[in-house]
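Heads up, the thing below is written out as structure tokens.
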Amino acid sequence: MAMASVQFEIPEEILYALNESITEFTLQMRLFTALHLFKKHKLSLGKAANLAGMDKDQFMIELDRSEIPLIDYDPLELEEELARFEK
């Protein structure tokens, strides 16, 4: 799999305020980004877990901790899905 590198600068005072190293901050940013993109239906469970640097089971635990549902149908999607089973 080809990899891309993303770099950005943050004030060091942010790290001091969080009491985190660059590595800890980077891991948290990857997790927060993966959670957000999964919640917005931009990434699948597998791709979000990969972005977070976790396996699917670990990522599902983080979803639960963040109170993000694993399955999140909007009402219309759910009705359509259930209608398919009724046929």
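Laboratory data are not the source of any read-out in this text; all were calculated from the coordinates shown. Since the structure is predicted, the reported quantities are computational estimates derived from the model, not experimental observations.
Need one word for region 44-87: rounded, prolate or oblate. Basis is the Cα gyration tensor (sqrt eigenvalues a ≥ b ≥ c); a/c below 1.5 gives rounded, then a/b vs b/c decides. It is prolate, given that a/c is not under 1.5 and a/b is the larger ratio. Straight Cα distances below 18 angstrom link residue 39 to the aspartates and glutamates 55, 57, 62, 64, 67, 72, 74, 77, with same-chain residues fewer than 8 positions distant left out. Legend: helices of the chain (whole DSSP H runs) are marked when their alpha-carbon atoms reach 20 angstrom or more along the helix axis and their mean Kyte-Doolittle hydropathy is at least 0.0; marked are 22-39. Between the alpha-carbon centers of region 56-75 and region 25-51, tell me the distance in whole angstrom. Between the Cα centre of region 56-75 and that of region 25-51, the gap is 11 Å. Computed from these coordinates, which is Cα extents along the principal axes in Å: (i) 62, 30, 13; (ii) 39, 27, 22; (iii) 59, 31, 21? Recomputing Cα extents along the principal axes in Å here gives the entry labelled (iii).
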